[in-house]
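Working notes, structure below.
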Amino acid sequence: MDHTDLYINGTWHKTADRFDVINPATEQVIASVASADIADADKALDAAEAAMAEWAARTPRARSEVLRKAWELMTARLDEFAHLITLENGKASSDAKGEAAYAAEFFRWFAEEAVRADGMITHAPASGARIMVQHKPAGLAVLITPWNYPAAMGTRKIAPALAAGCAVIIKPASETPLTMLALMPLLEEAGVPPGLVNVLPSRKTGALVDHLLHDPRVRVVSFTGSTGVGRKLLKSAADQVLKPAMELGGNAPVIVFDDADMDTAIDGTMQAKMRNLGEACTAANRIYVHETIAAEFAKRLTARMAALKVGDGTDPSVDVGPLVNADTRDKVAAFVADAVAKGAKVECGGATPDGTGYFYPPTVLSNVSEDADCVHDEIFGPVAAIQTFTDQDDVIRRANATEYGLVAYVFSGDFKRALQVCERLDYGMVGLNRGLVSDPAAPFGGTKQSGLGREGGHEGMLEFMETQYISASW
């Protein structure tokens, strides 16, 4: 690997302490990566502080052009990034190529949004003063990214932060730091000045992040990951009243009504369940199918799932790569064993294969009990858990009966009824007759314990800005 050291102030820094990155398909070490400590964090903070003043002073158009160039450069190198994503994350090459393209799009979208931080001037009705409102860079931002989307979860944060005028320090997941490190030369080429973006991989995540969040120069923390970790970060962020952007866990329901187009419902469920091997907070977790079509739905979904080819993601013919590590695979297997013990039927898959790699086969479970663990927690793997329903009010109640509220999916041929159901679902996003909601142009985020704030859309840039109001008379 070309880049395995810390990236601070536009230069590469070696460390004595290093950790291994494992290919989940082969269980072999693919790189030894530098592990940042508190002293490295301080260097990054100093570099970011120095770089931000000049960057924030640039015109929005100047910042926009740098982001546009980053999109062009990344788009030209999608295959390189996809290959690296597959090596460290394990996902199939087709999935990795999709992620790389999706990741690049955040640079293009926020290149366009950088020039649209619109303010306003109004006349105060009572006092007669002018109310002037503008948006300013919030300040130095700490970005903490997960392993399931090594490229996209980084660019989804970097792009709006730079568009807003902020400098950033990125802590990538220890399982997958290589993709984010590989992005840095591209940003240099695009014109990002030294110190504006710093990358600190580390196996001492807790201490490193806690130190960063307690530095008075830091004003924003943006995190994607589990709700449990998000709660801890919010407690740390409270000490300095940091501006938080949290995209946390999910427990996505899929509701398939009896008037749904079966082909659309199966295609959408496959996409919602198997995109990224189910290792996504947006993945279909509870699949509620009207009892009159449940047998046919399960039969067709099983056929599609059973036909998927499992193997090393670098093989272009493979549909399903390994899970990211042994713990994730074993957790998925435990969910299946628990569901079966509580009455579920295995329609396909359902057994951990022998041999090397953290593989688990695409699995369909029918007759899943409401008491099954997988109904109440994220599966984060290729397991489709089917339940049935008859009553619309009851299925909405069951869908909402979770602490999570990230995304839900609804399939129905009655558009009026479908929209009414969508409005009653307590989720930040709903996929209506489609299994994909992620889009750089849309405000991605959830309700309840699925997070705070939004990523993407116009709202994504505002997470890195503060609103200033000036009361003026003239």
Inset, instruction - Only residues that are in a loop (DSSP other than H, G, I, E, B) and under 22 Å from residue 281 (Cβ atoms): list them for segment 388-415, please. - result: 401, 402, 403, 406
Inset, instruction - Select from segment 278-305 the residues that are open to solvent by less than 10 Å² (accessible area, probe 1.4 Å), under 21 Å from residue 322 (Cβ atoms) and either assigned to a helix (DSSP H, G or I) or polar (S, T, N, Q) (or both) and list them in ascending order. - result: 278, 285, 305
Inset, instruction - Residues being under 15 Å from the mean Cα position of the chain (by Cα), under 25 Å from residue 35 (Cβ atoms) and in contact (Cβ under 8 Å) with a residue 60 or more places away in the chain: count how many of those fall in segment 227-245. - result: 1
Inset, instruction - Could you list all residues from segment 246-264 that are open to solvent by less than 60 Å² (accessible area, probe 1.4 Å) and either without any contact (Cβ under 8 Å) to a residue 24 or more places away in the chain or β-branched (Val, Ile, Thr) (or both)? - result: 254, 255, 256, 264
Inset, instruction - Output yes when any residue across segment 150-162 is of a type outside the set (Lys, Arg) and surrounded by fewer than 18 Cβ atoms within 10 Å (Cβ to Cβ), and no when none is. - result: no
Inset, instruction - Go over the candidates 289, 310 one by one and state the one that is out of contact with any helix residue (DSSP H, G or I) (no Cβ under 9 Å at 6 or more places or on another chain) and touching a residue at least 24 places away in the same chain (Cβ under 8 Å). - result: 310
Inset, instruction - Just give me the residues in segment 168-210 being in contact with a helix residue (DSSP H, G or I) (Cβ under 8 Å, 6 or more places away or on another chain), in a helix (DSSP H, G or I) and of a type in the set (Gly, Ala, Ser), in sequence order. - result: 182, 190, 207
Legend entry - One residue from 186, 181, 213, 162 being more than 17 Å from residue 71 (Cα to Cα) and either of a type in the set (Phe, Trp, Tyr) or in contact (Cβ under 8 Å) with a residue 60 or more places away in the chain (or both): 213
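The values are calculated or read from the model by the stated rules, or taken from the named source; none is laboratory data. Just so it is clear, the structure is predicted and the values come from calculations on it, not from any experiment. Cβ coordinates were reconstructed from backbone atoms using ideal geometry, including for glycine residues, and neighbour counts include every protein chain displayed. Only protein heavy atoms, including side chains, enter the accessible area calculation; ligands, DNA and RNA are left aside. Shrake-Rupley method; radii C 1.70, N 1.55, O 1.52, S 1.80 Å.
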